[in-house]
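Q: What follows is a structure written as structure tokens; I'll ask about it next.
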Ligand code: ATP
Ligand code: MG
């Protein structure tokens, strides 16, 4: 009896070698850009205390109410697989004493977990690149983050299909007053709201602004607008940000209904959206969270950041065919070993790997006929096959077969192979 197959966990995807070029292209491009902007990488655990997310994200948010993977470990600690990275980074910045009077520009990459209904662009394990800046209050850093993302889209060649939406949420006091006004208005229209919005009216009324229900949206048309409630400082901050964006030709749309799903935001919030991916169109989202550090037990310290969803970006790169050929996973050199040459071929491969560190060499391993190995060499995409048979071993040579150009096969002394390959692949 064969054992039954173990199924993958729903909504948690494998990334196969055939897809990896897009991921590596995205990661390398983002990493280089963040390095150039003088941001530093930081890594935090995938698991944190459940309370961290409850306190940071807010009890009455979709993430905390419905989407968290929480469990009790063997020591009875209440733990959660991180649904986002900002809370963990803030926790780490506080617990490592990083924020005392210091400024930090940080980024991190990794998997996040949310128990949502899996669909295109929405998984239960997904990946984000998160960027955070601490200790900076002005709109200049907000602008810099947006410029960084705009430059990333340009480098990835997806800039023509993404647009920027921004809004200001004001301070938490402003939002308290606004929330009361909104609740007063919506309570009058209680019966026109769908069930979800009726529930949110009690728990998190501002999330109703996000509702996809057209009846609810109709009611919202005459609801009070947040921008009428924000204080002068927030307004000036927002105006200054808009001015920089205009000066630098970054087009944006002010979306007064953009409130974001997490409680910790204040002042600037933004989303980069695309219409090329169907319903899951937000590829990057973030904003300012000036109160979060204090809320998590640190000394007051402003913060601003964003997270981009890597699965959605990879989908977009795929859809637009935007990954350059140079990122393809082909092999440069394929070593074919026929006859009784196993040991010599391992030695030759190892020598060439020392001599040609920048060349991608696949050593066939496993023997087989000349014909079948050459077939594999061809399929690997290699430009050159090195052939080692008993005759070559006896004369310390190898056959050099050019697989992609009209050039006769040659026999080359093994000591000269490194030079030949290095020259071939730099020309
Ligand atoms: P959405 O409205 O799509 O649920 P969100 O507001 O919950 O997004 P954030 O918490 O702001 O998302 O996360 C930032 C980005 O991470 C999103 O813009 C998206 O690109 C990506 N993202 C969020 N949830 C998922 C998911 N379940 N699967 C894939 N990507 C996701
Ligand atoms: Mg969500």
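Q: How high is the relative contact order of the stretch 30-95? Use alpha-carbon pairs under 8 Å, at least six apart in sequence, and give a whole percent. Don't skip to the answer; put the middle values down first.
A: Details: 58 pairs, mean separation 22.5, N = 66.
Relative contact order for the stretch 30-95 comes out at 34 percent.
Q: Return the single residue from 64, 347, 314 with maximal mean-square fluctuation; model: Gaussian network over the chain, springs between Cα atoms under 10 Å.
A: In this elastic network of the chain, the residue with the biggest mean-square fluctuation among 64, 347, 314 is 347.
Q: With a 10 Å Cβ neighbour count serving as the proxy for reagent exposure, in which order, fewest first, do 268, 163, 80 appear? Don't skip to the answer; put the middle values down first.
A: Working: 268 25, 163 14, 80 21.
Fewest to most other Cβ atoms nearby, the residues stand as 163, 80, 268.
Q: Same structure, new question: Given the C-alpha centroids of the stretch 1-23 and the stretch 171-204, what is the distance between them in whole angstrom?
A: Measuring centre to centre over Cα atoms gives 43 Å.
Q: Something else: Quick one: divide the alpha-carbon radius of gyration of the stretch 52-105 by 2.2 N^0.38 Å and tell me what you get.
A: Output field value: 1.32.
Q: Now for a separate question. Going by C-beta contacts inside 10 Å, put 393, 47, 90 in order with the fewest on the left. Show your work: numbers first, answer last.
A: On the way: 393 20, 47 16, 90 28.
The order, fewest Cβ neighbours first, is 47, 393, 90.
Q: Given a 10 angstrom Cα cut-off, can you work out which residue in 346, 216, 333 is the most mobile in a GNM of the chain?
A: Result: 346 has the largest fluctuation of those listed.
Q: I would also like to ask the following. Please compute the Cα-Cα pair-distance distribution of the stretch 66-189 with 10 Å bins starting at 0, giving whole percents from short to long.
A: Per 10 Å bin, starting at 0, the Cα pair percentages come out as 9, 23, 34, 27, 6, 0.
Q: On to the next question. Stretched out fully, how many nm does the piece from residue 355 to residue 213 gain, at 0.36 nm a residue minus the Cα gap?
A: Details: separation 142, 0.36 × 142 = 51.12 nm, distance 6.39 nm.
Computed gain between residue 355 and residue 213 is 44.7 nm.
Q: Tell me what the chain gives for mean residue ellipticity at 222 nm when only DSSP H runs of n ≥ 4 count, each as -39,500 (n - 2.57), the sum divided by the residue total, rounded to 500 deg cm²/dmol.
A: Result for the chain: -11500 deg cm²/dmol, rounded to the nearest 500.
Q: Still on this model: Which value, in nm² and rounded to one decimal, describes the direction-averaged projected area of the C-alpha convex hull of the stretch 1-109?
A: On the way: hull surface 44.9 nm².
Hull-based average projected area comes out at 11.2 nm².
Q: What is the log10 of I(q)/I(0) for the stretch 231-345, computed with the Debye formula using one identical point scatterer on each Cα and no solvent, at q = 0.12, 0.13, 0.20, 0.23 Å⁻¹?
A: Each listed q maps to, in turn, -0.65, -0.72, -1.19, -1.32.
Q: Something else: Over the chain, what is the percentage of antiparallel beta bridges among all DSSP beta bridges, to the nearest 5?
A: If we restrict to bridges inside the chain, about 80 percent are antiparallel.
Q: Right, something else. Mind jotting down the distance between the C-alpha centroids of the stretch 363-427 and the stretch 302-334, whole Å?
A: That distance is 32 Å.
Q: Fewest Cβ neighbours within 10 Å first, please rank 206, 5, 342 accordingly.
A: Working: 206 18, 5 6, 342 13.
Starting with the residue having the fewest Cβ neighbours, the order is 5, 342, 206.
Q: If you don't mind, another one. For the stretch 337-403, just say rounded, prolate or oblate: build the C-alpha gyration tensor, square-root its eigenvalues into a ≥ b ≥ c, call rounded for a/c under 1.5, and beyond that prolate if a/b exceeds b/c, oblate if not. Walk me through the numbers before you get to the answer.
A: Details: a/c = 1.56, a/b = 1.05, b/c = 1.49.
Oblate.
Q: While we're looking at this one, here's another question. Picking from 320, 417, 164, which is most flexible by a Gaussian network model of the chain using Cα springs under 10 Å?
A: Most flexible of the set in this elastic network: 417.
Q: So what's the gap between the Cα centers of the stretch 234-272 and the stretch 68-105, to the nearest angstrom?
A: When both Cα centres are located, 27 Å separates them.
Q: Each label point is 7 Å from the Cα along the Cα-to-Cβ direction; what then is the distance between the points at residue 257 and residue 419, in nm?
A: 7.1 nm
Q: Can you pull the three principal axis extents for the Cα set of the stretch 92-142, in Å, largest first?
A: Per principal axis, max minus min of the Cα coordinates gives 43, 27, 14 Å.
Q: Calculate how large, on average over all directions, the projected area of the Cα convex hull of the stretch 3-51 is; give the answer in nm² to one decimal.
A: 6.8 nm²
Q: If you don't mind, there's one more thing I want to ask. P(r) of the chain in 10 Å steps, Cα pairs, percent per bin?
A: 4, 18, 23, 20, 14, 10, 7, 3, 1, 0
Q: Further question on the same structure: Would you please give the FRET efficiency between residue 369 and residue 247, computed as 1/(1 + (r/R0)^6) with r the Cβ-Cβ distance and R0 = 51 Å, to the nearest 0.05?
A: On the way: r = 67 Å, r/R0 = 1.31.
My answer for the efficiency is 0.15.
Q: Could you calculate the contour length gain from residue 14 to residue 38, that is, 0.36 nm times the residue separation minus the distance between their Cα atoms, to one decimal place in nm? Kindly include the intermediate steps, with their values, before the conclusion.
A: Details: separation 24, 0.36 × 24 = 8.64 nm, distance 3.21 nm.
Extra length from residue 14 to residue 38 when fully extended: 5.4 nm.
Q: Still on this structure, please answer the following. Taking the Cα atoms of the stretch 311-427 alone, what are Rg (to one decimal) and Dmax (as a whole number) in Å?
A: Reported Rg and Dmax, both Å: 16.1, 55.
Values quoted throughout were computed directly from the atomic coordinates according to the rules given, and no laboratory measurement underlies them. Computed from a predicted model, the values in this text were never measured in an experiment. Virtual Cβ from ideal backbone geometry, glycine too; neighbours counted across all protein chains shown.
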